[in-house]
1. Would you confirm whether or not region 292-313 contains a residue that is assigned to a helix (DSSP H, G or I), in contact with a helix residue (DSSP H, G or I) (Cβ under 7 Å, 6 or more places away or on another chain) and small (G, A, S)?
2. Determine which member of the set V75, V95, V128 is closer than 21 Å to F165 by Cβ, among the hydrophobic types (A, V, I, L, M, F, W, C) and surrounded by 15 or more Cβ atoms within 10 Å (Cβ to Cβ).
3. For region 243-251, does any single residue satisfy the condition of being assigned to a strand (DSSP E or B) and either farther than 18 Å from I313 by Cα or within 17 Å of the chain's Cα centre (by Cα) (or both)?
4. It is to be established whether one or more residues within region 222-234 are farther than 20 Å from I340 by Cα, at pLDDT 95 or above, in a loop (DSSP other than H, G, I, E, B) and β-branched (V, I, T).
5. Of the numbered conditions (1) at pLDDT 95 or above; (2) among the hydroxyl-bearing types (S, T, Y); (3) under 17 Å from the mean Cα position of the chain (by Cα), Y43 fails exactly one; give the number of that condition.
6. For region 129-156, which residues satisfy the criterion of being under 18 Å from I100 (Cβ atoms) and either under 18 Å from the mean Cα position of the chain (by Cα) or modelled with pLDDT under 85 (or both)?
7. How about region 209-220: which of its residues are more than 23 Å from the chain's Cα centre (by Cα) and open to solvent by 30 Å² or more (accessible area, probe 1.4 Å)?
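The values are calculated or read from the model by the stated rules, or taken from the named source; none is laboratory data. Source: prediction; values computed, not measured. Every residue, glycine as well, gets a Cβ built from its backbone with ideal geometry; the counts of neighbours run over all protein chains shown. Heavy atoms of the whole protein, side chains included, go into the accessibility calculation; ligands, DNA and RNA do not. Shrake-Rupley method; radii C 1.70, N 1.55, O 1.52, S 1.80 Å.
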Amino acid sequence: MLETGRNKILILVDWFAPGYKAGGPIQSCVNVSFLLKDYYDVYVLTSDRDFNESEPYPSIKSDVWSNELHPSINVYYASPSTLNRRAIKEIIEKVDADFIYLNHLFSPLFVIYPLWLSFYGGAKGKIVLCPRGALYSSALRIKRYKKIPVLALFKLMGMLKKVRFHATNAKERDAILKHFPGSSIVIADNLPNSQQPPMVFVEKHRGLLKCIFVARLHPIKNLLFFLNVLLEVKSEVILTIVGPIEDESYWKLCEQTISRLPPNVSVHNVGSVPNVHLHRYLSSSHLFVSTTHGENFGHSIFESFLSGRPVLISDQTPWQNLQSAGIGWELPLNNPGAFINALETAAAWKQEEFEERAHAAWEYANCFIKDGDLKEQYFNLFS
């Protein structure tokens, strides 16, 4: 472990780079690590394998500290055989961090147990907790029978009274206050990928639309809604689905709908794709689609902007006023007809119309990553 005498931050997260199958939380924590590495000693405790994988990452060593990701970021990849409460307690005590950064809310080992340690004096660092959308009503509806008792326990024991909450936007702040009134909350926007590739265009013929859907195949990502929308579309649509199957029964429902799609619609499921290859799929498409029930950021949406692609998304994300910016639509899920109309409009784009919107999306992302306020927000969070 490298130490410089600066304040220490210990990040606890179930999955971390080089993983990618758990989606946005991985990218968020990686981006936080890279932002803060020049100002804090950054340590990360995580698992040694990707989401739903039985084998460890081939490129790392388990159960030792490593700084191979970056010389200034210390990562401990714990194997399942050693990942237990005793080991977590020992690592927390050994690092002796000034700040312990917890991600999500319902992870037994990476959130709930560290909170318990802090409550009973076993963890000395200031706890900073980012729910990452877990307190949105749409998220709580999934496995509600498990989540509500945990929230009730937190309230009963007062475990979160001394926690500093990290809200990534005003909506998440309101969700935190709804469940934990009077909480200490700091708003700091999610950190996006700041490495923007050059603008690349693709051929666009009127009447043909290439769409891409990037997400875990899970009810909260709501692919089935979009597939049902495609049942009514008259233009030729090619849909590429990128993401791991998290819920097999949900994917079977999607497959049943895919089998009923009209001949003008074709679907290709490519499965999980490492983040470094995502740009290739995005830049081969005309329109990014997300009909999610809720995102506190939506890294895949921003990756679409980075690649210069307009989007068609639900209004359950922070990305708003897209039509006025000329970069897409955010639409209510109770109006599938609006999604159909948007698809038909996008399918009718000629090459010049598509390129105008693609360039606007690229510029939108470029302005976002140059926003100088983001760094100050995180200094405020960890102060």
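1. Checking region 292-313: at least one residue is assigned to a helix (DSSP H, G or I), in contact with a helix residue (DSSP H, G or I) (Cβ under 7 Å, 6 or more places away or on another chain) and small (G, A, S).
2. Details: V75 fails: closer than 21 Å to F165 by Cβ; V95 fails: closer than 21 Å to F165 by Cβ.
So the residue among V75, V95, V128 that is closer than 21 Å to F165 by Cβ, among the hydrophobic types (A, V, I, L, M, F, W, C) and surrounded by 15 or more Cβ atoms within 10 Å (Cβ to Cβ) is V128.
3. Step one: list which residues in region 243-251 are assigned to a strand (DSSP E or B), which gives 245.
Pick out the ones that are also either farther than 18 Å from I313 by Cα or within 17 Å of the chain's Cα centre (by Cα) (or both) and you get 245.
Within region 243-251, one or more residues are assigned to a strand (DSSP E or B) and either farther than 18 Å from I313 by Cα or within 17 Å of the chain's Cα centre (by Cα) (or both).
4. So far as region 222-234 goes, no, none of its residues is farther than 20 Å from I340 by Cα, at pLDDT 95 or above, in a loop (DSSP other than H, G, I, E, B) and β-branched (V, I, T).
5. (3)
6. Within region 129-156, L129, C130, P131, R132, A134 meet the criteria.
7. Correct list: K210 only.
Residue by residue, here is whether (1) open to solvent by 20 Å² or more (accessible area, probe 1.4 Å); (2) in contact with a Leu (Cβ under 8 Å, 6 or more places away or on another chain); (3) free of Cβ contacts under 8 Å to residues at least 12 places away in the same chain holds:
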| position | (1), (2), (3) |
| --- | --- |
| L231 | yes, yes, no |
| I241 | no, yes, no |
| D247 | yes, yes, no |
| L253 | yes, yes, no |
| T257 | no, yes, no |
| N269 | yes, no, no |
